[in-house]
Amino acid sequence: MQNKYTPIAGDWFTCVSDNYDDVNIYNCFENKDDQNKLYAAYYTKTSPGVPSELRSKPLEHLAGPFFPSISSYVLGGKNTTKISQELDIFKKTQSALDAQLDEIGGKPLLISDAVAKIVQASGLSADNVVSVIKLLMAEHLLYEFHKTKAGEYIRYTIMHSSAINSKKYYGSLAEEIALKSHQISLLISHGPTVGNYREHILRSLLTKYLPSKFSVVTGFIEGLSRQIDILIIDSTNYSPVFKEGDLVVARREAVRAIIEVKSTLDTQTLKESLALFYDITRGGVFKPDVPLFKGIFAFDTKYVETSSLAKAIRDFYVDPYFEEQLQQNITRDIDYLFREITAVAVLNKHFVFSKYIHADGDKNNNMIPSLFSVSDETGSDIQSAMFIASLFQYLDVDFHAKRSSLKGFSDLLKSETAHVKHEINLTNNDWAPSLSSPNEHDNTQPSIKARLAKISEWFGGRISTAEYVRQLEDSASK
């Protein structure tokens with residue numbers, strides 16, 4: 001299999017004839033000042049402390065051959081049909097390269113040895129293997145070049161090593177949960193007892209990893225009659241209305257997360273949990289000033305495909321249902337920002353989370369709630385860790401503490417084997433929230449987008465919950 005790739009305008013690529021230590025990533029464009037000829041833009045290589053410069057030269061001045069930047073296609077959402085051959089070469093080479101690096105514990109690997117082994121194992125040509133390795137070097141994200149008197153080496157970047165270690169460490173969270181769950185299933189056959197113990201397993205895990213200012217309890221929210229499996233409350237700034245052991249009646253303003261725990265997630269238990277969250281967060285019942293984490297954690301499921309789980313969640317919000325109080329069919333509209341479910345995790349099987357995106361990817365369109373999934377192609381269970389990662393965004397801690405906490409989990413997504421995929425939109429493209437807190441937004445898209453940007457600051461720890469609420473109150477009083 002030989003690479004016959006030729007760049008076109010808009011492509012990012014590397015020139016295989018470049019040396020390992022100065023290989024570059026080029027961007028192909030049409031130069032209007034030179035009769036629309038194809039040019040290659042690139043950044044100059046400099047010494048430490050000296051800023052690089054953006055330069056360009058005619059594409060024909062590069063010796064070639066060329067190899068496309070696979071990450072630019074994937075991250076840019078571009079169709080990879082054109083580079084299907086190169087994509088196959090890339091996957092085989094990178095997979096074999098990672099296997100060799102992992103075998104020696106991430107130490108520097110002699111490139112000539114790596115190429116010889118990959119050629120022997122995969123049947124690829126040495127030129128193609130070298131092309132991929134040079135591309136990986138040029139991107140500087142996961143691999144880097146290292147040269148000594150003994151020869152030319154490739155090794156993981158510090159960032160990539162951190163991601164690999166994080167995946168292994170946080171993957172152990174799932175193993176811990178699964179082991180304890182399996183043990184209780186072997187010892188006890190009584191369903192409710194097993195279910196209660198599984199709630200205890202998750203509460204214990206969350207207590208271990210969440211900041212000490214938060215309490216992980218079971219109980220009620222003040223004024224609401226529905227008991228919730230797991231409540232995460234700010235117990236430093238707010239005392240509970242009632243507390244007896246782990247059973248708590250929490251003040252509304254103290255609640256940061258509500259979680260339902262299921263032994264098996266099926267159509268019925270999914271609807272029950274979604275209905276619980278929907279009913280207790282009605283605008284006239286309980287609408288927090290800041291987004292509230294609403295999660296479902298299950299130990300098993302009858303949903304085989306993540307896409308089926310995502311569709312079932314969307315159906316809950318868009319399909320009509322019979323409302324007994326009104327005696328008519330209505331739909332459960334997502335009538336304010338972050339009213340929808342936040343995250344659903346199934347141990348070692350599925351993880352989906354909500355995110356606001358521009359409809360159809362057009363920045364001029366409405367912002368709408370959508371569901372995304374996270375998976376790992378090696379089969380590693382990162383679902384449990386990602387559930388906790390999503391939860392961390394909703395917790396109010398010191399800026400540096402929050403960034404430090406989030407970093408370990410976000411490293412999981414930097415692993416080459418972890419994938420984020422858009423599953424389904426939860427609303428139509430013309431959706432807009434019909435309810436809002438005082439001065440949250442004025443129901444226009446610019447105002448809604450500005451509010452989402454402010455919430456993003458809160459998610460990232462750049463402003464505290466108190467500061468966020470104070471800004472709402474100050475603006476409302478003007």
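The values are calculated or read from the model by the stated rules, or taken from the named source; none is laboratory data. Here the structure is a predicted model, which is why all the values come from computation and not from measurement. Note: ideal-geometry Cβ built from the backbone for every residue, glycine included; neighbour counts use all protein chains shown.
Are any of the residues in region 346-359 assigned to a loop (DSSP other than H, G, I, E, B), basic (K, R) and over 17 Å from the mean Cα position of the chain (by Cα)? No, region 346-359 contains no residue that is assigned to a loop (DSSP other than H, G, I, E, B), basic (K, R) and over 17 Å from the mean Cα position of the chain (by Cα). Apart from one condition, N439 fits all of (1) on the phi < 0 side of the Ramachandran plot; (2) surrounded by 13 or more Cβ atoms within 10 Å (Cβ to Cβ); (3) at pLDDT 75 or above; the exception is (1).
Taking the criterion of being surrounded by 14 or more Cβ atoms within 10 Å (Cβ to Cβ), assigned to a helix (DSSP H, G or I) and touching a residue at least 60 places away in the same chain (Cβ under 8 Å), the residues of region 56-89 that qualify are I70, S71, S72, I83, Q85, E86, I89. Note on region 338-361: among residues that are modelled with pLDDT under 95 and of a type in the set (A, V, I, L, M), the one that is nearest to I280 (Cα to Cα) is A345. Write out, first by first residue and then by second, each pair whose Cβ atoms fall under 6 Å of each other, whose residues are 6+ apart or on separate chains, and whose first residue, in region 15-30, is assigned by TED's automatic domain parsing to the domain that holds L136 and at pLDDT below 90 while the second is surrounded by fewer than 17 Cβ atoms within 10 Å (Cβ to Cβ) and not small (G, A, S). Every condition considered, the pairs that remain are D22/K45.
Here's the yes/no breakdown for (1) at pLDDT below 90; (2) of a type in the set (K, R); (3) within 24 Å of Q393 (Cβ to Cβ); (4) not assigned by TED's automatic domain parsing to the domain that holds F293:
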{"site": "R203", "(1), (2), (3), (4)": "yes, yes, yes, no"}
{"site": "P211", "(1), (2), (3), (4)": "yes, no, yes, no"}
{"site": "I233", "(1), (2), (3), (4)": "no, no, yes, no"}
{"site": "A254", "(1), (2), (3), (4)": "no, no, yes, no"}
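Of the residues that make up region 234-253, is at least one of a type outside the set (D, E, K, R), buried (at least 21 other Cβ atoms within 10 Å of the Cβ) and out of contact with any helix residue (DSSP H, G or I) (no Cβ under 7 Å at 6 or more places or on another chain)? Checking region 234-253: at least one residue is of a type outside the set (D, E, K, R), buried (at least 21 other Cβ atoms within 10 Å of the Cβ) and out of contact with any helix residue (DSSP H, G or I) (no Cβ under 7 Å at 6 or more places or on another chain).
Taking the listed residues K134, K92, K107, the one that is closer than 22 Å to I158 by Cα and surrounded by fewer than 20 Cβ atoms within 10 Å (Cβ to Cβ) is K107, with no other qualifying. If you go through region 351-363 and pick out every residue that is surrounded by fewer than 24 Cβ atoms within 10 Å (Cβ to Cβ) and touching a strand residue (DSSP E or B) at 6+ places or on another chain (Cβ under 7 Å), you end up with 7. Is at least one residue of region 323-339 within 18 Å of the chain's Cα centre (by Cα) and part of a loop (DSSP other than H, G, I, E, B)? The answer is yes; a qualifying residue exists.
Each row is one residue, and each column tells you yes or no for (1) free of Cβ contacts under 8 Å to residues at least 40 places away in the same chain; (2) within 24 Å of the chain's Cα centre (by Cα); (3) assigned to a helix (DSSP H, G or I).
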site	(1), (2), (3)
V248	yes, no, no
I258	yes, yes, no
L270	no, yes, yes
L274	no, yes, yes
F277	no, yes, yes
R282	yes, no, no
F286	no, no, no
I296	no, yes, no
Y303	no, yes, no
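Return yes or no: is S47 modelled with pLDDT under 85 and touching a helix residue (DSSP H, G or I) at 6+ places or on another chain (Cβ under 8 Å)? It is false that S47 is modelled with pLDDT under 85 and touching a helix residue (DSSP H, G or I) at 6+ places or on another chain (Cβ under 8 Å).
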